[in-house]
Structure formats: C-alpha cells, structure tokens
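*Asks:* Pasting a structure below so you can have a look.
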Amino acid sequence: MSEHLEDPTKHLSSDKLLFLNSMECPFAQRTWIALIEKQVQYSKVDINLRNDAGQYAPENKPEWFLRLNPNGKVPVLAYEEERTIHQIYESNICNEFLEDYQPSPSLLPPHPAVRARARIIIARFSENFVPAFYRLLLRQDTEGQQQAAETLRAELQWLEAHFDSMGPHFMGTEFSLVDISLLPFFLRFGVLQHYRGFSLPSECQKLAAWVQEVSKRASVQETSVSAKPELSYQNYLTWVYQRYADASAKSTSAADFKD
Ligand SMILES: N[C@@H](CCC(=O)N[C@@H](CS)C(=O)NCC(=O)O)C(=O)O
C-alpha cells in the first residue's frame with residue numbers, strides 16, 4: 001500500500017513547481033540544488049523509497065507519482081499551465097529545464113562552445129562515473145570491484161585534467177550545472193571509503209579543494225540532510241548504501257547498474 005501522502009497534483013499551478021524528491025537520492029539532490037540556486041518557487045514532496053528497516057519499499061510510491069513519472073524515479077518536476085500539466089524527469093533534463101524556465105541567474109556559461117563543453121562533462125560523468133560508482137558497491141567479487149575502481153580512478157583523473165585552471169568551480173569563477181551534476185556523488189565518497197576502502201586519489205588536488213569549497217554553499221548544506229534524525233548525514237548515507245554494498249538492494253536503480 002502506498003504511503004498516505006496527499007495528492008499534490010490536485011494543487012498544481014503555473015507559478016510554483018512541484019518537486020518530487022527522495023532524501024537519499026543523489027539524482028534528486030542535483031535538482032534540489034538547482035531549484036535553490038535558481039531561486040525558483042517550488043514545493044517539495046519527499047517520496048520515501050524504503051521502509052523503517054531500510055528495505056526497498058516500492059509500495060510507498062503513490063499512484064500520482066507513477067502518473068507523473070512512469071519510470072517511478074525521482075526527481076520529478078511538474079506544473080500546470082493553461083490546463084496542461086507539464087511533467088519533467090531525469091535529473092540532468094530537470095536541471096536543463098530549470099535553466100530554460102528561469103534563465104537568470106544562469107547556471108551555464110554564456111559562450112555556446114563553453115556551454116557545450118559543460119554538457120559534455122555532465123554527459124561523460126553520467127555515462128561513465130555514475131555506473132562505476134554503483135558497480136563498485138554492488139559487485140561482490142574482487143575482479144568486478146577492481147574494474148569499477150579502475151574506471152572511477154580513470155574518470156577522476158580525466159575530471160582533474162579538465163577542471164578549470166583557476167577554479168574555484170569546475171567551469172571557473174561561476175558555480176554551474178557541472179558542479180551540481182557531479183557534487184552529490186562526491187558527497188557520497190565516504191560510502192565508497194566505508195564499504196570498499198576507495199578514496200579520492202591524492203593527485204586529484206583540484207577536485208579535493210573543490211569539494212571542500214562547494215560543500216559550504218547554502219544550497220548544498222540545505223540539501224545534505226539525514227532523513228533519519230538519529231543518524232548524522234554521513235551515517236545516514238552509510239545506512240542507505242548498505243543495501244547496495246551487500247547486494248540486497250532491490251531498487252530499480254540497483255538493477256540499472258548491476259553489471
Ligand atoms: N537517471 C535518473 C536516475 C534517478 C534514480 O535512479 N532515482 C532513484 C533514487 S536515487 C529512484 O527514484 N529509484 C526508484 C526505484 O528504485 O524504484 C536521473 O538522473 O534522474
């Protein structure tokens with residue numbers, strides 16, 4: 001049975017976005033940070049993807065959630081305009097949508113070729129780094145873990161080499177969608193360290209300084225919160241990812257990255 005969340009789609013409007021979030025989700029955190037940085041009006045509804053024991057609980061997904069995103073994944077943005085309901089999902093697409101919906105303050109560089117470069121970095125990270133991040137946790141065999149760790153190291157070296165020479169942000173002086181797309185996974189490095197002994201390679205000094213710097217931003221602090229009051233944020237993440245690390249995760253996200 002789904003959780004008793006009042007159906008928020010009954011109150012959709014044109015001047016306030018509905019944002020479907022899950023506190024544990026790095027993809028949803030991307031969109032949450034972008035909403036705050038954009039200073040867009042939004043109302044947030046948290047979908048709890050697990051029960052109290054920490055097991056995957058797809059029965060918690062209300063029917064109106066599945067109507068908004070048939071893939072059953074957060075994040076989702078929705079609003080109503082001239083009696084049409086607009087529904088947007090996939091974190092990077094949500095964030096691109098926000099850039100179009102409210103261009104200022106911009107979260108992409110002004111030059112078209114530099115914008116394209118920002119998108120190349122986001123696409124590469126999402127295609128290579130993110131699956132390897134999950135695989136390192138999900139794989140139970142040493143060989144699979146070593147392969148995933150090698151991919152992560154190679155991708156981290158590529159990111160280090162493509163980081164702006166001056167910083168402090170990935171594309172230079174301005175905080176951008178690149179920072180937003182990458183950061184939630186860097187905030188979860190403690191989990192890789194805890195379960196697999198993997199940490200940021202020492203040669204990735206620009207990335208290390210960047211994580212320190214951007215973690216202080218108000219939007220990042222506001223979105224880095226434990227959904228279990230008795231656990232610190234890092235301990236909460238360790239609790240969440242235990243199901244990945246012992247291969248008991250049943251979520252569609254775990255299935256997406258298993259091999
Ligand atoms: N590619 C998607 C991935 C989103 C995703 O996997 N979200 C997870 C939570 S972290 C989810 O909603 N899972 C629902 C489920 O496993 O049933 C995006 O970028 O938005």
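The values are calculated or read from the model by the stated rules, or taken from the named source; none is laboratory data. Keep in mind that what you see is a predicted model, and the values were worked out from it rather than measured. In this analysis, Cβ positions are derived from the backbone assuming ideal geometry, glycine residues included, and neighbour counts consider all displayed protein chains. With ligands, DNA and RNA removed, areas are computed over all heavy atoms of the protein, side chains included. Shrake-Rupley method; radii C 1.70, N 1.55, O 1.52, S 1.80 Å.
*Asks:* In region 46-102, what residues are more than 28 Å from ALA247 (Cα to Cα), in a strand (DSSP E or B) and not charged (D, E, K, R)?
*Replies:* Selection gives LEU77, ALA78, TYR79, THR84, ILE85, HIS86, GLN87, ILE88.
*Asks:* Within region 193-218, work out how many residues are part of a helix (DSSP H, G or I) and in contact with a helix residue (DSSP H, G or I) (Cβ under 9 Å, 6 or more places away or on another chain).
*Replies:* Total meeting the criteria: 10.
*Asks:* Condition first: part of a helix (DSSP H, G or I), in contact with an Asp or Glu (Cβ under 9 Å, 6 or more places away or on another chain) and either open to solvent by 30 Å² or more (accessible area, probe 1.4 Å) or of a type in the set (Asp, Glu) (or both). Now tell me which residues in region 219-238 satisfy that.
*Replies:* none
*Asks:* Could you go through region 187-201 and let me know if any residue there is closer than 17 Å to ASP256 by Cβ and open to solvent by less than 60 Å² (accessible area, probe 1.4 Å).
*Replies:* yes
*Asks:* When you scan region 81-98, do you find a residue that is modelled with pLDDT of 95 or more, within 16 Å of the ligand (Cβ to nearest atom), assigned by TED's automatic domain parsing to the domain that holds SER219 and farther than 14 Å from LEU18 by Cα, even just one?
*Replies:* no
*Asks:* Here is a follow-up. From the set of residues in region 64-79 that are without any contact (Cβ under 8 Å) to a residue 60 or more places away in the chain and under 17 Å from the mean Cα position of the chain (by Cα), which is nearest to the ligand (Cβ to nearest atom)?
*Replies:* VAL74
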